[in-house]
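For reference, the structure discussed in these notes is given below.
The values are calculated or read from the model by the stated rules, or taken from the named source; none is laboratory data. In this text, all values refer to a predicted model and were calculated from it rather than measured experimentally. Note that each Cβ is placed from the backbone with ideal geometry, even for glycine, and that neighbours are counted across all protein chains shown. Remember, those area values only see protein heavy atoms, side chains included, never the ligands or the DNA or RNA. Shrake-Rupley method; radii C 1.70, N 1.55, O 1.52, S 1.80 Å.
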Amino acid sequence: MSDVLVNVERKDVPLRFEDLENEAQKHLDKNVFDYEQSGAGIEETLRSNREAFSNWKIVPRVMRDVSTVSLHTTINGQSIPAPILLAPVGMQGISHPDGELASAAASAKYEVPFIASTVSSYTLEEIAEANGNGKRWFQLYYPNNVEIAKSFVKRAEIAGYEAIVITVDMPLIGNRERDRSNQYSPFLLGAGKANYAADPVFQEYLAAKPGAAVLDEMLQTFYRPGLNWEDMKPIRDAVDLPIYLKGILHPDDAEEAVKHGIDGIVVSNHGGRQLDGCIATLDALPLIKERVKDKLPILLDSGVRSGPDIFKALALGADAVLLGRPFLYGLTIAGQSGVEQVIQNVLHDLKTTMSLSGIKSIQEINANAIRKTYR
Ligand SMILES: Cc1cc2nc3c(=O)[nH]c(=O)nc-3n(C[C@H](O)[C@H](O)[C@H](O)COP(=O)(O)O)c2cc1C
């Protein structure tokens with residue numbers, strides 16, 4: 001790890017997020033870039049995510065012997081080299097032909113857990129193979145057919161995924177105005193159907209309907225607007241894996257998660273892609289932490305771009321963060337190497353941030369190290 005941190009040799013992927021985004025834009029068709037970069041509605045949530053990070057400032061300590069700084073941490077007993085995971089991002093094949101195979105291989109190199117989306121461009125088994133001895137979790141968009149849901153998570157368990165992340169903020173798609181103006185949806189074009197097409201239970205369901213097409217039937221069963229707490233039980237019974245809920249923003253829901261024996265939550269607003277005008281994740285975090293305390297691990301995403309961002313999230317109670325668009329843009333620009341460079345840059349930035357803040361370990365980061373300012 002220390003070699004990796006000092007040896008930032010490759011330079012084809014820009015360091016700063018804005019440059020990364022601009023460079024990625026050059027590699028993509030307008031519709032694809034808009035799909036990835038945009039948020040729902042007038043993009044207030046998208047902007048708020050960043051503003052929230054800017055409203056908190058680190059108050060460094062000095063002369064604290066930072067000759068050795070460790071990024072290592074654990075989540076539910078799972079050891080990880082840094083408090084970072086790669087967020088579930090669907091249909092990565094529209095960004096780069098190698099898609100999830102490249103990002104899963106890159107994450108394995110750094111032992112950063114890779115969270116594979118239900119709507120990935122490759123099957124979860126193919127992604128597992130590319131991830132090899134790496135750490136991987138599976139994200140479930142809970143289908144409106146519980147047998148298919150169970151089949152997905154069982155396949156994930158067999159393929160070596162170590163946790164299930166159920167995304168709960170998508171009973172339907174957000175009002176993505178840019179995609180609607182462009183009349184573009186990779187989902188409707190079938191870019192995320194690999195896991196469905198390969199699923200034995202889905203295939204049986206298809207066979208029972210002569211003439212049915214994979215994509216049409218997937219679209220029929222994809223959304224589960226009735227999703228509720230009782231739906232957790234079949235998943236719990238199907239697999240022996242920890243269950244995380246992604247898309248929690250209200251302290252009451254965090255408390256419900258504890259009551260229902262959920263193993264962890266991801267404080268997320270889906271990178272501003274679902275509900276517009278909604279609370280920034282960093283603003284939601286302190287009340288959630290106050291309510292659930294240490295009863296379950298809290299992960300956070302949406303707007304995490306740098307080492308200082310990660311530091312602030314951890315100071316306010318997160319145990320780890322998920323990187324979304326930054327690694328997706330790295331993938332777009334340079335495939336596996338691009339994702340590796342983004343991970344490397346973020347690790348380097350986090351280590352620098354900790355050292356300059358007088359903090360030697362992840363466990364030492366707390367609210368004493370930051371202060372809210374108003375701009
Ligand atoms: C292009 C794109 C596709 C995404 N696909 C999924 C998905 O399949 N499942 C999911 O739970 N979240 C998905 N997300 C949300 C991410 O997991 C994560 O919450 C979000 O990217 C965090 O915001 P940030 O990228 O601005 O940091 C997607 C996000 C983007 C940008």
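A few points about this structure:
- One residue from LEU314, LEU350, LEU299 being part of a strand (DSSP E or B) and within 16 Å of the ligand (Cβ to nearest atom): LEU299
- Boolean, ALA102 is closer than 15 Å to GLY338 by Cα, touching a Gly at 6+ places or on another chain (Cβ under 6 Å) and either surrounded by fewer than 16 Cβ atoms within 10 Å (Cβ to Cβ) or small (Gly, Ala, Ser) (or both): yes
- Residue list for the range 62-77, restricted to those being touching a residue at least 60 places away in the same chain (Cβ under 8 Å) and either open to solvent by less than 30 Å² (accessible area, probe 1.4 Å) or within 21 Å of ALA369 (Cα to Cα) (or both): VAL62, MET63, ARG64, ASP65, VAL66, THR68, VAL69, SER70, LEU71, HIS72, THR73, ILE75
- Condition check for PHE202 on (1) open to solvent by 30 Å² or more (accessible area, probe 1.4 Å); (2) more than 16 Å from the ligand (Cβ to nearest atom); (3) outside any loop (DSSP other than H, G, I, E, B): one failure, at (1).
- Members of the range 304-316 that are open to solvent by 10 Å² or more (accessible area, probe 1.4 Å) and more than 16 Å from SER357 (Cβ to Cβ): ARG305
- Whether a residue is farther than 22 Å from LEU356 by Cβ and at pLDDT 95 or above was assessed, and VAL292 passes this test.
- The residues of the range 35-84 that are in a loop (DSSP other than H, G, I, E, B) and aliphatic (A, V, I, L, M), listed by number, are ALA40, ILE42, VAL59, VAL62, MET63, VAL66, VAL69, LEU71, ALA82.
- Residue list for the range 225-271, restricted to those being β-branched (Val, Ile, Thr) and in a strand (DSSP E or B): ILE243, ILE248, ILE265, VAL266, VAL267
- Residues of the range 178-188 that are in contact (Cβ under 8 Å) with a residue 12 or more places away in the chain and either within 13 Å of the ligand (Cβ to nearest atom) or open to solvent by 80 Å² or more (accessible area, probe 1.4 Å) (or both): ARG178, ASP179, TYR184, SER185, PRO186, PHE187, LEU188.
The rows are residues; the columns are (1) open to solvent by 40 Å² or more (accessible area, probe 1.4 Å); (2) farther than 20 Å from ASP231 by Cα; (3) within 11 Å of the ligand (Cβ to nearest atom).
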{"residue": "GLU126", "(1), (2), (3)": "yes, yes, no"}
{"residue": "GLU129", "(1), (2), (3)": "yes, yes, no"}
{"residue": "ARG136", "(1), (2), (3)": "no, yes, no"}
{"residue": "ASN145", "(1), (2), (3)": "no, no, no"}
{"residue": "PHE152", "(1), (2), (3)": "no, no, no"}
{"residue": "LEU172", "(1), (2), (3)": "yes, no, no"}
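- Odd one out for PRO242, checked against (1) more than 15 Å from the ligand (Cβ to nearest atom); (2) surrounded by fewer than 16 Cβ atoms within 10 Å (Cβ to Cβ): (2)
- ASP12 fulfils the conditions (1) open to solvent by 30 Å² or more (accessible area, probe 1.4 Å); (2) at pLDDT 95 or above; (3) farther than 16 Å from LEU350 by Cβ; (4) out of contact with any Pro (no Cβ under 8 Å at 6 or more places or on another chain) except for a single criterion, (2).
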